[in-house]
Amino acid sequence: MEGLSKAFVQLHINGEIREVAIRSADTLLQTLRNEFGLNGAKRACENGDCGACTVLVNGEPMHSCLTLSIENTDKMITTIEGLMGSPIQRAFVENWAIQCGFCTPGFIVNCQGLMNKHPDADEATIEEWMQSNLCRCTGYAEIKAAIITALLEGRKQNGEVS
């Protein structure tokens, strides 16, 4: 049966090297959820439009429904589970930016990517980055406030703001 064979690979997920048997057609989303039980990345649109499946790959946000697991064997993958207790997660809770919670993991991961790349992001940059994730429950004000809170906290920790 063509295409059904699996290969053992190592993936670097949330700071750990983990071995898994995957098919060449397995998406990173499938592997994270089905093989590792990391269910924070949500299966939703499966075409990269909603951002619910967002993970960080080498610090950059990536829609895990659009990338193959085999393409990520030599990369650092961070899921929402790897951001437990992070400043951006705390900021989402403190600013009530959680609503129903379905889109929240993707937003938090995407915002961590924003903080990695643009720790001094202005309002236009924040709004541009927010466009890659959809939320049906909110007008995004709380999410934007959470991002600003986390960015300010990061600046304080780096001694840039008193």
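Would you kindly calculate the mean projected area, averaged across all directions, of the convex hull enclosing the Cα atoms of the chain, in square nanometres?
9.8
When the solvent-accessible surface of protein heavy atoms is calculated with a 1.4 angstrom probe, in what order do F8, F92, F36 fall, highest first?
F8, F36, F92
Between the stretch 1-70 and the stretch 101-162, what is the separation of their alpha carbon centroids in Å?
24
So what is log10(I(q)/I(0)) for the stretch 1-87 at q = 0.14, 0.21, 0.23 1/Å, when the Debye sum runs over its Cα atoms only?
The Cα Debye sum returns log10 ratios of -0.44, -0.97, -1.15.
Excluding ligands, DNA and RNA, what is the solvent-accessible area per residue of the chain at a probe of 1.4 Å, expressed in Å²?
Ligands and nucleic acids excluded, the result is 54 Å² per residue.
How would you order 143-154, 70-81 from highest to lowest mean count of nearby Cβ atoms within 10 Å?
Top to bottom by mean Cβ count within 10 Å: 143-154, 70-81.
Quick one: pull the percent of accessible area on the chain belonging to carbon and sulfur, 1.4 Å probe, ligands and nucleic acids left out.
49
Of all alpha-carbon pairs in the stretch 81-162, indicate the percentage at a distance above 21 angstrom.
So the pairs more than 21 Å apart make up 19 percent of the total in the stretch 81-162.
The values are calculated or read from the model by the stated rules, or taken from the named source; none is laboratory data. Every value quoted in this text rests on a predicted model; they were computed, and no experiment measured them. Please note: Cβ atoms are built from the backbone with ideal geometry, for glycine as well, and neighbour counts cover all protein chains shown. Note: areas computed on protein heavy atoms with side chains; ligands, DNA, RNA excluded. Shrake-Rupley method; radii C 1.70, N 1.55, O 1.52, S 1.80 Å.
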